[in-house]
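Shown next, in structure tokens, is the structure this report addresses.
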Amino acid sequence: MLTSKDIRLCSENYFIVIRQQSEMIIEIQSKNTKHCWLVQKCDGYTMLHHKHAKKDPYYHKHRKVLNVAQAISEIKSHDDYVLNQK
């Protein structure tokens, strides 16, 4: 289940919260790249799903991480990579 700390991490000024789909999944968008992310809490790990734009029809699995804090770090690292490629 997403804790209040997890939700706070996903709600920081770096992101737009699109919606919280359930007590296990929150959908966010990076303000820097406009990429969308699903952060899904699972038993013992967190799964990160990604798509490049809101209009894209589906998410693809991006990475399995230990927790939401690590997922946020991964998103920021991904944003740095994308922004430095342009």
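The values are calculated or read from the model by the stated rules, or taken from the named source; none is laboratory data. Just so it is clear, the model here is predicted, and its values are computed rather than measured. As a convention, Cβ positions derive from the backbone with ideal geometry for all residues, glycine included, and neighbour counts pool all protein chains shown. Just so you know, the surface numbers come from the protein's heavy atoms only, side chains and all, with ligands and any DNA or RNA stripped out. Shrake-Rupley method; radii C 1.70, N 1.55, O 1.52, S 1.80 Å.
Each of 45, 58, 14 has its accessible area taken with a 1.4 Å probe; listed largest first, they run 58, 45, 14.
Only one item in (1) 7.3; (2) 6.0; (3) 5.3 matches mean projected area of the Cα convex hull in nm² derived from the coordinates shown, and that item is (3). For residue 76, the accessible area of its heavy atoms, probed at 1.4 Å with every protein chain present, is near 70 square angstrom. Put 3, 33 in order of accessible area, highest first, and with a 1.4 Å probe you get 3, 33.
Straight-line cross-link partners of residue 41 among the lysines, defined as a Cα under 28 Å from its Cα and at least 8 positions apart when in the same chain: 5, 31, 51, 54, 55, 61, 64, 76. Run the helix sum for the chain: -39,500 (n - 2.57) per DSSP H stretch of 4+ residues, divided by residue count, reported at 222 nm to the nearest 500 deg cm²/dmol. Per the formula, -9000 deg cm²/dmol.
Distance between the modelled labels on residue 73 and residue 31, one decimal in nanometres: 2.3 nm (7 Å Cα→Cβ projection). Compared with the direct C-alpha span, the chain from residue 11 to residue 52 gains 12.8 nm at full extension, assuming 0.36 nm per residue. Once the Cα-Cα distance is subtracted from the 0.36 nm per residue extended length, the residue 61 to residue 84 segment shows a gain of 6.0 nm. Using a probe of 1.4 Å, the accessible surface attributed to residue 62 totals some 50 Å² when neighbouring protein chains are kept in position.
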